[in-house]
Amino acid sequence: MAAKPKPRIKVPKEAKVGELVTIKTLISHEMESGQRKDKEGNLIPRKIINKFACDFNGAPVFSCDIDPAISANPYFEFSAKLTESGAFTFTWTDDDGSVYTDEQKITVS
Amino acid sequence: MKKLSVVLLACVSVISAAAVSAYADPVDEKLIIDGTEIVTRAKAPEGHPFDELLSGWLFREAETRATQADSFANPGMLSVERGEEIWNTVDGSMGKSCASCHNDASETMKGVGAHFPKWDAKAKKPFNIELKINDCRTENMGAEPYKFDDEDQKALTTYIKHQSLGMPLQIDLAQGEMQSWWDKGKELYYTRTGQLDFSCASCHEKSMGKFIRADHLSQGQANGFPTYRFNTGGMVSLHNRFRGCIRDTRAEVPKAFSDELMALEVYVTWRGTGLSVETPSVRQ
């Protein structure tokens, strides 16, 4: 798809204390499984996002290890209950060592 | 025990018999994307074989329909974003980008996707968005024309068509020789070809609503192209789909943007008159 993996986040701007907040995340990434072959019959090397993590004000909210079964443009949706305002940070780690990050602030009252 | 197994056998055969001759109604649901109502059912134009035109969206599974309705989850929107990047990137010997002449696409390209293919007087044939892009690139930018199905070609076409989201398809058959290309397209639509001896109409008109294996046959409309397809996990252009369908009938496959496929695009676009542009749609 796109040249460089691009993250997309959907988080409400505001929430009440204790209210369930839904966080939607997407990153554009080919997620090459390592099983496919090119026209000449050579194996196309694996290149995937292998780890995703979400923190809130430094505390872990959700993280996972990702394997080749996850298809292109991995989409993760999860929820959190917050007690204070702050910022979510999102981190995607690529097989080749690249790390992609994004951040989203939220006001909790 | 023996009596019970006979009864069970009878039940199983009744269930399987019911599943065989499957006609399924397209769903009765509204498609609203970020507040824009998408017309998925329209009254057919004069002379159309159907009374009501139906978007392919109505024939898909609930999860597929939900993915298109959510502009965040729709993977085709990533192509729109890539198209926007390309729109603003200088390319070619003349140092121009699309934006250099066309400024803000959300204004200048609004309606374009709904009114193509259009007659091109210089080339003396109908142009679709892809051909128009290549014409602009070579004539006005000094850039290389895109090869068919280049990822950038698909992204830019998706971006341009997306500016017409929600607008009804309406092509002008009075321009140039559009009518004769429409006639040719109609002839192709109804001509059986290939080892399987199918025409477009065999599936998309005669068997519309029925199942071909596990696939729910739609009217074969063009209003959502380029579309994000789950089967390839990427954007699929209209001519790619035409070629795929024709390949599946085991016929010789015409070249993309050939006169045959351009005529077919004119006719098939007309068959969707009134349906909204859905680009990027999401399909199986």
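The values are calculated or read from the model by the stated rules, or taken from the named source; none is laboratory data. None of the values given here were measured: they were computed from a predicted structure. All Cβ positions, even for glycine, are placed from backbone atoms using ideal geometry, and neighbour counts span all protein chains on display.
Annotations
- Selected residue (only one of A:L26, A:L43, A:L20 is touching a Ser or Thr at 6+ places or on another chain (Cβ under 9 Å) and of a type in the set (A, V, I, L, M)): A:L20
- If you filter the range A:73-87 down to residues that are outside any strand (DSSP E or B) and under 30 Å from A:P45 (Cα atoms), you find that the one that is farthest from the other protein chains (Cβ to nearest Cβ) is A:P74.
- From the options B:E84, B:E139, B:E130, residue that is under 19 Å from the mean Cα position of the chain (by Cα) and assigned to a helix (DSSP H, G or I): B:E130
- Residues satisfying the stated conditions in the range A:1-45, i.e. over 18 Å from A:S63 (Cβ atoms), within 12 Å of another protein chain (Cβ to nearest Cβ) and part of a strand (DSSP E or B): A:R8, A:K10, A:E32
- Boolean, B:T158 is under 27 Å from B:G272 (Cα atoms), at pLDDT 95 or above and within 14 Å of chain A (Cβ to nearest Cβ): yes
Per-residue answers, yes or no, for (1) assigned to a loop (DSSP other than H, G, I, E, B); (2) touching a Leu at 6+ places or on another chain (Cβ under 6 Å); (3) within 14 Å of chain B (Cβ to nearest Cβ); (4) surrounded by fewer than 17 Cβ atoms within 10 Å (Cβ to Cβ):
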residue	(1), (2), (3), (4)
A:S63	no, no, no, yes
A:P68	yes, no, yes, yes
A:S71	yes, no, yes, yes
A:T89	no, no, no, yes
A:G97	yes, no, no, yes
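- Candidate set: the range B:54-85, residues that are closer than 25 Å to B:K43 by Cα and among the small types (G, A, S); chosen: the one nearest to the other protein chains (Cβ to nearest Cβ): B:A66
- Flag for B:S164 being modelled with pLDDT of 95 or more and touching a Phe, Trp or Tyr at 6+ places or on another chain (Cβ under 7 Å): no
- Residues (on the phi < 0 side of the Ramachandran plot and part of a loop (DSSP other than H, G, I, E, B)) located in the range B:93-127: B:S93, B:M94, B:S97, B:D104, B:M109, B:K110, B:F116, B:P117, B:A121, B:K122, B:A123
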